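Asks: Can you keep this structure in mind? I'll have questions shortly.
The values are calculated or read from the model by the stated rules, or taken from the named source; none is laboratory data. Quick caveat, the model's predicted, so the values are computed rather than measured. In this analysis, Cβ positions are derived from the backbone assuming ideal geometry, glycine residues included, and neighbour counts consider all displayed protein chains. SASA here: full protein model, heavy atoms, side chains in, ligands and nucleic acids out. Shrake-Rupley method; radii C 1.70, N 1.55, O 1.52, S 1.80 Å.
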4 protein chains.
Amino acid sequence: MTSLLHEVAHLGHAELLTPEPEKSLGFFVDVLGLTENGASGDSVYLRTWDDYEHHSLKLTASAASGIRRTGLRAASEEALHRRVAQIEARGLGLGWQDGDLGIGATYLFTDPDGHEFELYWETERYQPPQGLEPALKNQAQAYPGRGVCVRRLDHVNFLAARTEPNGEFICSALGGRVTEQIVLDDGTISAQWTHFAQKSYDLVYTDDWTGSSGRLHHIAFATDTREDVLRAADICLDAGVFIETGPHKHAIQQTFFLYVYEPGGNRIELCNPCARLVFAPDWATISWSQADRAKGQAWGLATIPSFHTHGTPPVSPGARDAG
Amino acid sequence: MTSLLHEVAHLGHAELLTPEPEKSLGFFVDVLGLTENGASGDSVYLRTWDDYEHHSLKLTASAASGIRRTGLRAASEEALHRRVAQIEARGLGLGWQDGDLGIGATYLFTDPDGHEFELYWETERYQPPQGLEPALKNQAQAYPGRGVCVRRLDHVNFLAARTEPNGEFICSALGGRVTEQIVLDDGTISAQWTHFAQKSYDLVYTDDWTGSSGRLHHIAFATDTREDVLRAADICLDAGVFIETGPHKHAIQQTFFLYVYEPGGNRIELCNPCARLVFAPDWATISWSQADRAKGQAWGLATIPSFHTHGTPPVSPGARDAG
Amino acid sequence: MTSLLHEVAHLGHAELLTPEPEKSLGFFVDVLGLTENGASGDSVYLRTWDDYEHHSLKLTASAASGIRRTGLRAASEEALHRRVAQIEARGLGLGWQDGDLGIGATYLFTDPDGHEFELYWETERYQPPQGLEPALKNQAQAYPGRGVCVRRLDHVNFLAARTEPNGEFICSALGGRVTEQIVLDDGTISAQWTHFAQKSYDLVYTDDWTGSSGRLHHIAFATDTREDVLRAADICLDAGVFIETGPHKHAIQQTFFLYVYEPGGNRIELCNPCARLVFAPDWATISWSQADRAKGQAWGLATIPSFHTHGTPPVSPGARDAG
Amino acid sequence: MTSLLHEVAHLGHAELLTPEPEKSLGFFVDVLGLTENGASGDSVYLRTWDDYEHHSLKLTASAASGIRRTGLRAASEEALHRRVAQIEARGLGLGWQDGDLGIGATYLFTDPDGHEFELYWETERYQPPQGLEPALKNQAQAYPGRGVCVRRLDHVNFLAARTEPNGEFICSALGGRVTEQIVLDDGTISAQWTHFAQKSYDLVYTDDWTGSSGRLHHIAFATDTREDVLRAADICLDAGVFIETGPHKHAIQQTFFLYVYEPGGNRIELCNPCARLVFAPDWATISWSQADRAKGQAWGLATIPSFHTHGTPPVSPGARDAG
């Protein structure tokens, strides 16, 4: 390493699939507080209030739940082309396409497990319409004050048949680094948290207990404060949203969390990092053993069993998924 | 720009001068909750609990208050040498020295205004002694639970005879970028907030009303939460620490803040970013006009007049400093 | 005293007058998060989510702003009649009337300054309609998750030509007690905070600088947390609501506060007591001197001058009111 | 009822027994942030910073853990004598004694289950020594800023062979009221939450699974905020204090909680009511069924099994106590 390779600037957006499009839309707008920003075909585009781009989430009606695509913004046009070369060298490129609402030319590819990504440089800076203009000029959009009012799409946690090749790909092809990981007693790396800059994780891979490929564990939205996560639990409780576990603090990454299921079945995390950033350019990956994990979350909460039985889309019961 | 130039990894530490060394030490240890980690000559080394390095603050007895030196860690050894070349090309280098407690070879230099810096790569990873070992392996030190219990040194705000040459130097020589600035009606840039990665500012320059060079406006420590800032106000109130202004939210950078004076006279900010990060690699610098500034802080609090009369070290009254 | 005279159970509701009824309604519903619960004539009834009664606020269109009436619930039917006897003995009774939406027979009276009150025992316990049912059976209504989402009407702060006779009346006729007060250097009691039980204040009187009678300084709504008050400031900022002062912490009563003006001109406080309750049955009234008050609020914020120039309804400029 | 019978003003203090007196003292002083205020024999007196009386906790060395006595302050001297008459009429009086540090003549009695109480009127108002003087005159003591920094002793939760006779005694003899309770399918009332004024509970009884008498489930200390409870979890984690369950929100009473064991084995709750008060003078007791309880805590956390196996002092295994 000759410098911090900061070639992927950040996670841009995710496209989520839902078999319950109207109910899912209601959840994201009314419960989480996202703002609609366009529609096309079977998709509705939604944005968190602090997103400087067009959208943070593309919600698409589909026969099954899951994640269709994850968008990453390159750090520059040159970085985009350098990364495309690296991806193509690994045989994982799908080619260029014309983009999407708010996004210019994008390069499609998959990770080794088959999750689809788009990498892009050109992006449309959000211009709030009347009524959504913020009072402060360093903010993208007025604070909606509706529901949980999440600030940004924070990270995506993918299920993969095998974690390691994917984490390796994120690092070698895209310039990511592994901040933390789980290493089983037999040496298997069963989960990896990768990041691109000071935010301590952006893309996470977790071994899929069904051995399937391309599935989703969850996507996460960040709130301003821990209190917002607590308030979110009250909002979800009274709105009839299924709360899976939390609020509590993860041992890994120390994130304050709440997990719920949106009406389409996808797991959604509401999270707050509580000011944690990773600054060391030579951060030594933290490895958590099975014995470490047996202690549960940071303050002792047992990891909920459904973390290891529910992914989207669900797979057949024979494949040991209770989704 | 061919990529995000992330060659300075982060702000490492600051050396603060105090004419009241014992009282200042009491303030940083008992009120802010820092931990002593060594001493040498007239200096005591102190650390925030989340710092992976040896120290966050070096507190040095001196006839006058102020900041002696600011430490920046390079992103790699190569980045260090590349930055040294840039600094030398600008004629601002002071040369290599053997380092300090916990720090390897450092390159000394000044910004155009004369504030001294050290840039280094080699650093000693903190190993907590018995009694300070954290329960979670991804944390540097046990949470002290003493006083405000600040998490990290967050930023330094320098006073300079003229802001612009210094902001330009941070960007061109060190790879920083200006996220926000104040532009007076006559076109003068009177303050600039520069950053190195996703944290939205690390080093700030503000025009010194006395025309002096090398002075300090404040150093800032980040807390985990806004609530910690509110609690800090209660702690300071009962500890007899002078509260200058706050808690409130800055319009610029939207930081939640509290300003106090440590017993040596230096202004200390306790701050919380409330999850704000700057992600756009092509972030357009936000300029605040005099009319914008006249609106006060985010929620309308008038900027306290002493922000423009108190800096350290104090200068003679003829120079219009009430310090 | 032979026991704690807890004959007034609590503040029940307030009737606020507004010359901007539609805008005021929008403020209370969308910004503060109250829920409409009926209408009658020029009035709309609104409730906070934790109110077990029919409504917390009656909003009435009127040529001028101000407070028309304050509702107090007696601790029992017998207590109601005992208090009526005390009121009548002081010649301040206006007589019985049939009540209002959700309220049975009420006894109307005024305080010495002329503010109108209703005292009642019979009340309709709120039954939430479908869609507003709470998940927990010890809660009156589902948590709306809209805007500030205030929990309850907390207190009323009246302006009066003279504070003392009114505080004396609340104590002797209604069983209140003065927990804190301001005593000027000339011995004048210029403000009193009275309460009925453990909540440390319910009805407050402040000297009216115009010498007028029957005016309002503010009504206050309590939030669950201090964080809700901070979030309220963001909500008001982006909703274009005028923020007068705060968030900060009062020295008196130590309440965490934010003051805004609703579109009809009435001052509204959003407050959080931060767990403070008064337990001592023989609490000695705290008196704050002019010198104490000169120190400003708890953390040093200067008391905003408009606290002494803005009341509702406004009076003529000759009477020194800038309202 | 002809009025709210508010004859017991509030819970005053508790005497806790510990077989590990030094370690327990360290826990209460360093981790919870209580302040020592005298010692006598095998006892140390400790106070929370917002207590207007001499002490909130008396910590006494003993062969076994548990609670020795609970102190209640009467609402007046007359109320004290009226309550003594009621207690004696039930044959549960133990007689007058000379009091204790800071407390005048007290009347000793037991509840039907045998837990010892003292009821008193005379109390010494706390005068902080130099160094502990608060900045605000409406506060008992300076905010210590040490550890969790709990504000007050909030409630005591007793284990009893049978809940009902005890709840009935608190109501009929002392003027308490039951705000919430658990009613089993066979009609047994297995837990009752009783209160004296607006605070929604002060004394709680829970059926003891061992059939023993006189044991303790937990004592609870209130914090200023929910954030303080979250921070307490971090403090306890790094201080090596056993965390039993939480932070989470109870369905019953909606208290935000964290349960830990102090070194002597007694369960300690850190709790925050989040602004909840019970205002209705005719509040209808909320009954929770077994089906309700099967849903777990407010946000779905399963009730920890040790809530039904750990009490103090521990009893023999044959009595089914895992304490």
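Asks: 222 nm [θ] for the protein assembly as shown, helices only, -39500 (n - 2.57) per DSSP H run of 4+, per residue, to 500?
Replies: After summing the helix terms and dividing by the residues of the protein assembly as shown, the value is -4500 deg cm²/dmol.
Asks: How big is the charge dipole of chain B about its Cα centre, in debye rounded to the nearest 20, if each Lys and Arg gets +1 on its Cβ and each Asp and Glu gets -1 on its Cβ?
Replies: 480
Asks: Now a separate question. Quick check: net charge around C:A75, other residues with Cβ under 11 Å of its Cβ, Lys/Arg +1 and Asp/Glu -1?
Replies: -1
Asks: Report the Cα centroid-to-centroid distance between segment D:156-225 and segment D:288-310 in angstrom, as an integer.
Replies: First find each Cα centre; the distance between them is then 16 Å.
Asks: Give me a single rounded figure for A:286-293: the average over its residues of other chain Cβ atoms within 10 Å of their Cβ.
Replies: Per-residue shielding by partner chains comes out at 1.
Asks: Once you list every other residue whose beta carbon is under 15 Å from the beta carbon of A:P21, what net charge do they have if Lys and Arg are +1 and Asp and Glu are -1?
Replies: Summing Lys/Arg as +1 and Asp/Glu as -1 gives -4.
Asks: In whole Å, how far is the Cα centre of segment D:110-145 from that of segment B:38-86?
Replies: Their Cα centres are 46 Å away from one another.
Asks: Evaluate peptide B:7-14: per residue, the Cβ atoms of other protein chains within 10 Å of its Cβ; return the mean as an integer.
Replies: Average per residue, whole number: 3.
Asks: With every protein chain present, what is the per residue accessible area of chain D (1.4 Å probe, Å²)?
Replies: For chain D, the per-residue accessible area is 31 Å².
Asks: Would you mind calculating the relative contact order of segment B:198-268 from Cα pairs under 8 angstrom and at least 6 residues apart, reporting the percent as a whole number?
Replies: Relative contact order for segment B:198-268 comes out at 27 percent.
Asks: Evaluate the relative contact order of chain A (contact order divided by residue number), counting alpha-carbon pairs under 8 angstrom at least 6 apart; express in whole percent.
Replies: Here the relative contact order equals 17 percent.
Asks: Next question. Counting only protein heavy atoms, what percent of the accessible surface of chain A is carbon or sulfur at a 1.4 Å probe?
Replies: So the carbon and sulfur contribution to the accessible surface is 51 percent.
Asks: Just to compare against my own numbers: the Cα pair-distance distribution for the protein assembly as shown, 20 Å bins, whole % per bin, please.
Replies: 10, 39, 37, 13, 1
Asks: Picking from A:P134, A:F117, A:T210, whose Cα lies most toward the positive end of the charge dipole for chain A (charges on Cβ: Lys, Arg +1; Asp, Glu -1)?
Replies: With unit charges placed on the Cβ atoms, the residue in question is A:P134.
Asks: So for segment A:46-143: antiparallel DSSP bridges make up what percent, rounded to the nearest 5?
Replies: 75
Asks: What does the charge dipole of segment C:85-190 about its Cα centre add up to, to the nearest 20 debye, if the Cβ of each Lys and Arg holds +1 and the Cβ of each Asp and Glu holds -1?
Replies: It works out to roughly 580 debye.
Asks: If the label for A:S289 sits 7 angstrom from Cα along the Cα-to-Cβ line, what are its distances to the same label in every other copy, in nm to one decimal, shortest first?
Replies: 4.9, 6.4, 6.6
Asks: Taking a label point 7 Å from Cα toward Cβ, how far is B:G99 from its twins in the other copies, in nm, shortest first?
Replies: Those label-point separations list as 4.8, 6.5, 8.1 nm.
Asks: Write down the percent of antiparallel bridges among all DSSP beta bridges whose residues are both part of segment D:169-323, to the nearest 5.
Replies: 75
Asks: Which of rounded, prolate, oblate describes chain D, given a ≥ b ≥ c as roots of the alpha-carbon gyration tensor eigenvalues and a/c under 1.5 marking rounded, otherwise prolate only if a/b is larger than b/c?
Replies: Rounded, because the longest to shortest axis ratio a/c is under 1.5.
Asks: Another question, if that's okay. Go through segment C:141-169 and flag every residue whose accessible area shrinks by 10 Å² or more with all protein chains in place compared to the isolated chain (probe 1.4 Å).
Replies: C:A142, C:Y143, C:G145, C:G147, C:R151, C:R152
Asks: At 7 angstrom along the Cα-to-beta-carbon line, where would the label on B:P129 sit relative to the other copies? Give the distances in nm, shortest first.
Replies: The projected label point of B:P129 is separated from its counterparts by 2.9, 6.4, 6.8 nm.
Asks: Dipole size in debye (nearest 20) for segment B:1-147 around its Cα centre, Lys and Arg Cβ +1, Asp and Glu Cβ -1?
Replies: Its charge dipole is roughly 240 debye.
Asks: Residues with beta-carbon under 12 Å from that of D:D185, excluding D:D185: net charge, scoring Lys, Arg +1 and Asp, Glu -1?
Replies: -1
Asks: Is there a simple number for the mean count of other chain Cβ atoms within 10 Å of the Cβ of residues in B:128-136, and what is it?
Replies: Shielding by partners across B:128-136 averages 3.
Asks: Please name whichever of B:T48, B:G91, B:L101 sits farthest to the positive end of the charge dipole of segment B:1-102, dipole taken about the Cα centre and charges placed at Cβ: Lys and Arg +1, Asp and Glu -1.
Replies: B:G91
Asks: DSSP beta bridges in segment C:1-84, what fraction antiparallel, as a percent rounded to 5?
Replies: Around 75 percent of the beta bridges assigned by DSSP in segment C:1-84 are antiparallel ones.
Asks: List the accessible area buried at the contact between D and C, summed over both sides and calculated with a 1.4 Å probe, in Å² to the nearest 100.
Replies: Roughly 4500 Å² of accessible surface disappears when D and C pair.
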